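S.K.: Structure provided below as structure tokens; questions to follow.
Every number here is computed from the coordinates shown, using simple stated rules; none is lab data. Source: prediction; values computed, not measured. Every residue, glycine among them, receives a Cβ derived from its backbone with ideal geometry; neighbour counts consider all protein chains shown.
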Amino acid sequence: MAKRVLWDFNEDNNTFSVSSKSTEADNEKLFTFKKPKYKSKETFEESLRIESFLDGAENGHIDTFII
């Protein structure tokens, strides 16, 4: 069977994880991603942080900003 990786989004805790419908996604199952949204109290500008977790441990993040 061919590799197929599908991701599920959990709205309760803003996380992405590999779907049980995925096939041969053993490496990908180690990763989860969280996307908290931030809003500045001073400027009211929003930014997005995508946090990566590898086997449950923090694995880095990316911050995005609208310019």
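S.K.: Which loop-located trypsin sites (Lys or Arg not before Pro) does the range 24-67 contain, where loop means any DSSP state but H, G, I, E or B and the Cβ has at most 11 other Cβ atoms within 10 Å?
M.R.: The qualifying sites are Lys41.
S.K.: Now for a different question. Which longest uninterrupted range of the chain lacks any GluC sites (Glu not before Pro) assigned by DSSP to a loop state (not H, G, I, E or B) and surrounded by at most 11 other Cβ atoms within 10 Å?
M.R.: Result for the longest clean stretch: 46-67.
S.K.: Taking the Cα-to-Cβ direction at Ala2 and at Lys21 and moving 7 Å from each Cα, how far apart do the two end points lie in nm?
M.R.: Placing both labels 7 Å along Cα→Cβ, they lie 1.6 nm apart.
S.K.: Which chymotrypsin sites (Phe, Trp or Tyr not before Pro) from the chain combine a DSSP loop assignment with at most 12 other Cβ atoms within 10 Å?
M.R.: Taking the chain and a limit of 12 other Cβ atoms within 10 Å, the loop chymotrypsin sites (Phe, Trp or Tyr not before Pro) found are Phe44.
S.K.: Please list the non-local residues whose amide H lies under 5 Å from the amide H of Ser19, H modeled 1.01 Å from N, same-chain partners needing a gap of 5 or more.
M.R.: Result for Ser19 returns Leu6, Trp7, Asp8.
S.K.: Another question, then. Over the chain, what relative contact order in percent results from Cα pairs under 8 Å that are six or more residues apart?
M.R.: 22 percent
S.K.: May I ask for the percentage of alpha-carbon pairs in the chain that lie more than 16 Å from each other?
M.R.: 56 percent
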